[in-house]
Amino acid sequence: MPTQLQQVADGVHRYADGLVNWYLVEDAGALLLVDSGWPTSWPKIVAAVESLGRTPGDLRSLLLTHGHADHMGSAERVRTQWQAPVRVRDAEVGRVTGKARGSSSFALVPKLLPQLRHPAALGFVLHAAAHGFMTPRWVKEVTPFAAGETLDLPGQPRAVATPGHTAGHTSFLLPQRGVLLSGDALVTLDVLTRARGPRLLPDALTDDPQTAVSSLGALEPLDATVILPGHGDPWHGSPHDAVAQARELAA
């Protein structure tokens, strides 16, 4: 089994892929992939599925939290090589397909440049570039879903709209597992400073910071005991408590 693959909840596995996470959910012999890492992550996804004793035919779908290249990096390969549908919230389709304004990774550069005087931030940018962040492969076909929808996929994920980091960013609640997959709406690692604990990502990486703060309100009342972020380690506790910490830091 790849050393980065870790069971973090009942039937839920985390792959710590450098500075980003993606997840595999098992349910009655079927698999769901939540996010797909970097453009360089494809061999790791293949190895992770095999390490669980599964085959590509077991993968029901790839579910994306949002369309940044460290989360949708291998999505097009999953779709074309494994014939797995890529599902994304309707408000994020334009970014994932590369048709929306600001979809390119280069759109982040102006806000990131002032941060590069800090060694950790420079390290993140170099790490991301080495993993293909600046050259994403757009997904040519996606299947959209609506906010609030419970998807007929392993784990029965419920889509929770959490815009701000991107316009269509979506978190997912697995209600029967007590798991919240928060994507980049609520993380436990600041990739630019390496600070840890529940928090928002820095404004330099966020489309609309004010909306990102407001979206914490959608996570706060959810019934979960484990939060699985896009960046950082799992957080054991309620979304209410995690959101309180994130709000304190944001203030």
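Nothing in this text is a laboratory measurement; each read-out follows from the coordinates by a stated rule. Bear in mind the structure is a predicted one, so any value in this text is a computation, not a measurement. Methodologically, a virtual Cβ is constructed for each residue, glycine included, from the backbone with ideal geometry; neighbour enumeration extends over all protein chains shown.
Taking θ = phi - 60°, what integer Hz values does the Karplus form 6.51 cos²θ - 1.76 cosθ + 1.60 yield along the range 53-60, in sequence order, with x for Gly and Pro?
x, 10, 10, x, x, 7, 7, 6
Using helices alone, what [θ] at 222 nm do you get for the chain, with -39,500 (n - 2.57) per DSSP H run of 4 or more residues, divided over all residues and rounded to the nearest 500?
-7000 deg cm²/dmol
For the range 185-251, take the convex hull of the Cα atoms, compute a quarter of its surface area, and give me that in nm², please.
Values: hull surface 15.9 nm².
With every direction weighted equally, the projected area is 4.0 nm².
Excluding residue 186 itself, what net charge comes from residues whose Cβ is under 14 Å from its Cβ, given Lys and Arg +1 and Asp and Glu -1?
Summing Lys/Arg as +1 and Asp/Glu as -1 gives -3.
What number comes out for the charge environment of residue 171, summing +1 per Lys or Arg and -1 per Asp or Glu over other residues with Cβ under 11 Å away?
Net charge in that neighbourhood comes out at +1.
Could you give me the ³J(HN,Hα) list for the range 143-149, computed from phi with Karplus coefficients 6.51, -1.76, 1.60 and θ = phi - 60°, whole Hz, x at Gly and Pro?
Rounded to whole hertz, the list is 10, x, 9, 9, 4, x, 6.
When only alpha-carbon atoms count, how far does the chain stretch along each of its three principal axes, as whole angstroms with the largest first?
Principal extents (Cα only, largest first): 46, 37, 34 Å.
What FRET efficiency, computed as 1/(1 + (r/R0)^6) with R0 = 45 Å and r the Cβ-Cβ distance, is obtained for residue 135 and residue 247, rounded to the nearest 0.05?
My answer for the efficiency is 0.80.
Net charge around residue 66, counting only other residues with Cβ within less than 11 Å of its Cβ (Lys, Arg = +1; Asp, Glu = -1)?
Computed value for this residue: -3.
By its C-alpha gyration tensor, with a ≥ b ≥ c as the square roots of the eigenvalues, how is the range 104-251 shaped: rounded for a/c under 1.5, else prolate for a/b larger than b/c, else oblate?
Since a/c reaches 1.5 but b/c is at least a/b, the shape of the range 104-251 is classed as oblate.
Step through the residues of the range 151-164 one at a time and calculate ³J(HN,Hα) from phi using the Karplus curve (6.51 cos²θ - 1.76 cosθ + 1.60, θ = phi - 60°), rounding each to whole Hz and writing x for Gly and Pro.
Calculated HN-Hα couplings, in order: 8, 7, 9, x, x, 6, x, 9, 7, 10, 5, 9, x, x Hz.
Give me, ordered by chain and number, the residues 5 or more places off residue 7 or on other chains with an amide H under 5 Å from its own placed amide H.
HN-HN under 5 Å from residue 7: 14.
Would you mind telling me the antiparallel percentage of the DSSP bridges in the chain, rounded to 5?
Percent antiparallel among DSSP bridges in the chain is about 70.
When all alpha-carbon pairs of the range 55-171 are counted, what percent fall beyond 17 Å? Mind showing how you got there, number by number?
Numbers: 3943 of 6786 pairs.
For the range 55-171, the fraction of Cα-Cα distances above 17 Å is 58 percent.
Nearest 0.05, what FRET efficiency do residue 47 and residue 127 give at R0 = 25 Å with Cβ-Cβ as r?
0.75
Percent relative contact order of the chain, based on C-alpha pairs within less than 8 angstrom and at least six residues apart?
16
When the chain is fully extended, how far beyond the present Cα-Cα distance does residue 225 get from residue 150, taking 0.36 nm per residue of separation?
Gain in length upon complete extension: 25.1 nm.
Gap in Å between the Cα centre of the range 60-75 and the Cα centre of the range 152-196?
12
Would you mind listing how long the range 81-148 runs along its three principal axes, going by Cα atoms, in whole Å with the largest first?
Projected onto the principal axes, the Cα atoms of the range 81-148 cover 40, 26, 22 Å.
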